[in-house]
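Reading through the structure tokens given below for one structure.
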Amino acid sequence: MLDIFVLSFLVALTGALSPGPVLTFTIYKSLEDKKRGYLAGFFIILGHSLLEFGLILVLLLGVSVFLQNIVFLTILGIVGGILLVIFGLFGIRSVYKKEVIINFDISEKDIKGYKGNSFLGGIILSLSNPYWTFWWAATGLGLMISLGISFDNPAGVMLFFIGHILGDYIFYVPVSIFVFHGGKSLNPDIYKKVLIASSIFMIGFGIYLATRTILFPPV
């Protein structure tokens, strides 16, 4: 059961490290709120995580009829593994193709017109991000199935969810606190090394997931 928590956490952390609209909004809200900006990351990810919990339940409900179909499970496991490899390669490519620096100088234009409540923002920005929906429909679902996440294993569902949201919290909350207290950017060298390490993990796990699905098809 511990492997469910650890793998869910590591995959989520790797995704959290990649800059996107949720990170931009977190930085903006941390700067905007002069009194409680340090809590922006917490509330944004709270909204984000509640949405993800609902999505996990919907995905499990939606595919429950297919969970005994070996062809469906095999294809999903292979596709999920391949996508993890691709996302990992993109992470490494972003380091070597351009200077990877998260700039904390955010303007209102950068948040695409949304300046509202942090909690609601976490939900709205997640829903409006096509990458988020695509990731869960393919990679996230494939990962859950490979780890044996189903309604027959409620403890596994909770461990998967907790590990996943902690992967977001462990990055976004410190960023929010750092920005609120005057930080201007993350150390580029450290950030690059962490991003490369995370991307290598994602590539390795993607290869493992696809290979295991081919050699040992789920039954």
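The values are calculated or read from the model by the stated rules, or taken from the named source; none is laboratory data. Not measured: the values here are computed from a predicted model. All Cβ positions, glycine included, derive from the backbone under ideal geometry; neighbour counts span all protein chains shown.
Values computed for the structure shown
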| read-out | value |
| --- | --- |
| Residue pairs meeting the criteria (Cβ under 6 Å; at least 6 apart or on separate chains; first β-branched (Val, Ile, Thr), in segment 154-173; second in a helix (DSSP H, G or I)) | ILE165/SER49; VAL173/GLY41; VAL173/PHE42 |
| Residues being surrounded by fewer than 14 Cβ atoms within 10 Å (Cβ to Cβ) and in a loop (DSSP other than H, G, I, E, B) - total across segment 114-140 | 3 |
| Conditions (1) modelled with pLDDT under 90; (2) outside any loop (DSSP other than H, G, I, E, B); (3) of a type in the set (A, V, I, L, M, F, W, C); (4) within 24 Å of ILE196 (Cβ to Cβ); number of the one not met by VAL100 | (2) |
| Failed item in (1) within 17 Å of PRO19 (Cβ to Cβ); (2) in contact with a Pro (Cβ under 8 Å, 6 or more places away or on another chain); (3) surrounded by 15 or more Cβ atoms within 10 Å (Cβ to Cβ); (4) not acidic (Asp, Glu), with ILE145 passing the rest | (1) |
| Scope segment 32-61; condition among the acidic types (Asp, Glu) and within 28 Å of PHE151 (Cα to Cα); matching residues | GLU52 |
| Tally, over segment 1-50, of residues that are within 23 Å of PHE205 (Cβ to Cβ), of a type in the set (Gly, Ala, Ser) and assigned to a helix (DSSP H, G or I) | 5 |
| Some residue of segment 54-64 being modelled with pLDDT under 85, of a type outside the set (S, T, N, Q) and not in a helix (DSSP H, G or I) | no |
| In segment 148-169, residue surrounded by the fewest Cβ atoms within 10 Å (Cβ to Cβ) [restricted to those that are of a type in the set (Val, Ile, Thr) and more than 23 Å from THR213 (Cα to Cα)] | ILE162 |
| Which numbered condition VAL175 fails, given (1) buried (at least 17 other Cβ atoms within 10 Å of the Cβ); (2) more than 15 Å from the chain's Cα centre (by Cα); (3) farther than 23 Å from LYS29 by Cβ | (3) |
| From the options LEU50, LEU46, residue that is farther than 19 Å from THR139 by Cβ, surrounded by fewer than 16 Cβ atoms within 10 Å (Cβ to Cβ), within 19 Å of the chain's Cα centre (by Cα) and not basic (Lys, Arg) | LEU50 |
